[in-house]
Amino acid sequence: MEKISVVVPIYNVEKYLPKCIESIINQTYKNLEIILVDDGSTDNSGKIIDEYAKKDSRILAIHKPNGGCSSARNYALDIATGSYIAFADSDDILNEREYEVLYNLIKKHDADISFCELQTISTEEFEQYPNIELKQRKKEELFEKTITPAEALNLMILNSEVGNYVALKLFKKELFEGHRFADKVYYEDVALVYKVIAGAEKIAYTNEKLYFYQINRVGATTASFNTKKIIDSMNAYYAQHKFILQNYPETIDASNFNFVKMYTSAMEKICMNEDWELYNSEMVLERYEEFKNAYSNLSKEYMTKNLEPYRLVSATMLNEDRTLYKEMFNPLFTNLKNK
């Protein structure tokens, strides 16, 4: 069995870290190199990974000055010795069979990458590990198949249980040659994963839920608004969108839809937080033109099928008149503040 290098960036997650590490060391696939990168934590995270490294020779406990998640992942990629690369977030949990299933998919189908799906869990459920209630599919609903890079991009865009995450995927290490995570940005997964996918010839996919993604934890980077987060989101999704338009015409509908959804969501957040400087910024205005192009190239049937009703209304109003959208947002969409 070939070695899998598991990359885990860590920053101030002492409350969640032990259960995450336990879920990795308890994998049924045993030939692992577990690279735990403490990215300048100020809590006990660094001590925790040192203790685990003493108990398990597969663990590399790395300590570095704080540089962000991308910096930690890139450091691990530079020293990884496995034939395959996997990623896990330090506040999530893995099903004990995840790497066995993903590795076997690659070998069975002679693939370069394998995907599974995620199951969202609350912090309360996280704390119950290893006794998390599995929301697994019925046996007759489970499947596996091979897909092309175009089909994989389409899947990641339209299926939120696969998503633009590097977690819940297993990659041949050579796919990262010439590719690293962008430094000091949010949405670093979105900015990179499509490039890695494009380097593959064949991808294997199972709809089995093997990764437990913790939602709404206190302190999570996805839980709060800031201007840089919106800017990085727009830039990452814009770059992905342009790449797909140029290279994967069979995925254009999904990419247009994704850009419409992303831009509308970003504008909702800007309006909810009344960041009018960002609303009228040059970057947001430039992306608005791409939003209008994407919107105009989607059928009403496609958007009705794939967009939530309130977001369909929001996107339609935004497409018609962004000035009126700003004026009408609060009276029409106050319910969004609870979403």
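The values are calculated or read from the model by the stated rules, or taken from the named source; none is laboratory data. As the structure is a prediction and not an experimental result, all values here were calculated from the model. Using ideal geometry, Cβ is built from the backbone for each residue, glycine included, and neighbour counts are taken over all protein chains shown.
Brief remarks on what is shown
- Test: residue in segment 85-105 that is of a type in the set (S, T, N, Q) and free of Cβ contacts under 8 Å to residues at least 12 places away in the same chain: yes
- The residue pairs whose first member lies in segment 171-192 and is surrounded by fewer than 18 Cβ atoms within 10 Å (Cβ to Cβ), whose second member is basic (Lys, Arg) and part of a loop (DSSP other than H, G, I, E, B), and whose beta carbons are closer than 6 Å, counting only pairs six or more residues apart or on different chains, do not exist in this structure.
- If only residues of segment 1-39 that are of a type in the set (D, E, K, R) and touching a strand residue (DSSP E or B) at 6+ places or on another chain (Cβ under 8 Å) are counted, the one that is surrounded by the fewest Cβ atoms within 10 Å (Cβ to Cβ) is Glu2.
- If you go through segment 282-317 and keep only what is in contact (Cβ under 8 Å) with a residue 40 or more places away in the chain and out of contact with any Ser or Thr (no Cβ under 9 Å at 6 or more places or on another chain), you end up with Met283, Val284, Arg287, Glu290, Asn297, Leu298, Tyr302, Asn306.
- Verdict on Asn247 being touching a residue at least 60 places away in the same chain (Cβ under 8 Å), polar (S, T, N, Q) and surrounded by fewer than 20 Cβ atoms within 10 Å (Cβ to Cβ): no
- Test: Leu102 is modelled with pLDDT of 95 or more and closer than 18 Å to Gly199 by Cα: no
- Residue count for segment 93-120 satisfying the condition of being more than 13 Å from Cys20 (Cα to Cα) and either in contact with a Lys or Arg (Cβ under 6 Å, 6 or more places away or on another chain) or aliphatic (A, V, I, L, M) (or both): 11.
- Restricting the search to helices (runs of 4 or more DSSP H) fully inside segment 67-180 and requiring at least 3 residues that are touching a Cys at 6+ places or on another chain (Cβ under 9 Å) gives 98-109.
- Boolean, Val190 is in a helix (DSSP H, G or I), aliphatic (A, V, I, L, M) and more than 26 Å from Arg311 (Cβ to Cβ): no
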